[in-house]
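The values are calculated or read from the model by the stated rules, or taken from the named source; none is laboratory data. These figures come from a predicted structure and were not determined experimentally. Ideal geometry is used to build each Cβ from the backbone, glycine not excepted, and the neighbour counts take in all protein chains shown. These accessible areas exclude ligands, DNA and RNA; they are computed on the full protein's heavy atoms, side chains included. Shrake-Rupley method; radii C 1.70, N 1.55, O 1.52, S 1.80 Å.
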Amino acid sequence: MKRVEVKLSLPVVAPLVDLIRELTIDLERSLAAPQALHDLDQDFRGAWIGELLEGQNGDLRSLLSLFDGEFFTVGVIAFDEKNAEPIVRACTALRLKLRESRLKALGDESLETGDVEMEGLDETTKTAFMCYLFLATVQELIIQHLDSTILGL
Amino acid sequence: MAESRSHTRTDARAATEVQLQDGWRVVVLNDPVNLMSYVVMVFKKVLGFAEAHVFTLQQWHLTAVLEPDEAR
């Protein structure tokens, strides 16, 4: 089984993990990307959204399991073909939530280009934006190294 | 005396027309958050490529080509 291990700086990542935990609680009952399902009847829509929510929560649990007790002693996270797919999805859910809840002031263009003056940001927004970039980096790593495994090609 | 009769004739005709239901399109909206590499990976995973279907058919020795769908 292909496995990618990444050594992270604990002082840098620890505050981001705290934020990820907060966002995960926010996402327990709502979808990161609310879906327009007007053409579905109410029961079907409820079941559809329920399934999406269940999947989202499972993905977020997979991501959080990277940052367990062992992580805070060795600072290493590992991806493999079992956890890669849910983690990639969880990163997107969290990034969408960050955009909606903590990074509104930055504007979509800055988020898309990543062109943001960090010095001008308050601490809360700075942490949120660093978390946004960190999650993108995790996605890039997985897609770059485990893409064919995830796709089963 | 002349006899008159009235006749009522019912002529019922029914016709059934079979129509194909209109096709559905899946629309994925652009957003500033998702990375291009992520979107490409999801599309590949979820939708696959027509080329892949053609290739598989050819592996089974059927003649298959990829051409534009002019019905749409």
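Short version: ³J(HN,Hα) in whole Hz for each residue of region A:21-30, in order, from phi by Karplus 6.51 cos²θ - 1.76 cosθ + 1.60 (θ = phi - 60°), x for Gly and Pro, what are they?
Karplus values, whole Hz, x for Gly and Pro: 4, 4, 5, 4, 5, 4, 8, 4, 10, 9.
Straight-line reach from B:LYS45: which aspartates and glutamates fall under 18 Å, measuring Cα to Cα and dropping same-chain residues less than 8 apart?
Cα-Cα hits under 18 Å: A:ASP59, A:ASP80, A:GLU81, A:GLU85, A:GLU140, A:ASP147.
Can you give the average number of partner chain beta-carbon atoms within 10 Å of each beta-carbon in peptide A:124-131, as a whole number?
0
Can you show me the helix-derived [θ] at 222 nm for chain A, built from DSSP H runs with n ≥ 4 at -39,500 (n - 2.57) apiece and divided by the number of residues, rounded to the nearest 500.
-21000 deg cm²/dmol
Taking only C-alpha pairs under 8 Å that are 6+ residues apart, what is the relative contact order of region A:56-131 in percent?
30
Expressed as a whole percent, how much of the Cα-Cα distance distribution for region A:1-72 exceeds 19 Å?
Above the 19 Å cut-off, region A:1-72 has 50 percent of its Cα pairs.
So which GluC sites (Glu not before Pro) in region A:59-153 pass both tests, a DSSP loop state and at most 12 other Cβ atoms within 10 Å of the Cβ?
For GluC sites (Glu not before Pro) across region A:59-153 that sit outside H, G, I, E and B with at most 12 neighbouring Cβ atoms in 10 Å, the list reads A:GLU70, A:GLU117.
Mind ordering B:27-39, A:57-69 by average Cβ neighbours within 10 Å, highest first?
Final packing ranking: A:57-69, B:27-39.
Give the cross-link partners of A:LYS126 among the lysines, using a straight C-alpha distance below 29 Å as the criterion and excluding same-chain residues fewer than 8 apart.
Answer for A:LYS126, where 29 Å is the Cα cut-off: A:LYS7, A:LYS97, A:LYS104, listed by chain and number.
Could you state, as a whole-number percent, how many of the C-alpha pairs of region A:3-151 are farther apart than 18 Å?
61
Given a 1.4 Å probe, how much area per residue of the protein assembly as shown is accessible, in Å²?
It amounts to 73 Å² per residue over the protein assembly as shown.
Normalised by the residues of region A:3-151, what does the relative contact order come to in percent, with Cα pairs under 8 Å and at least six apart?
35
So for the pair A:LEU37, A:GLU140, with labels modelled 7 Å out along Cα→Cβ, what separation do we get in nm?
3.4
So, taking all protein chains as they sit and a 1.4 Å probe, how much accessible area belongs to A:LYS2, in Å² rounded to tens?
100
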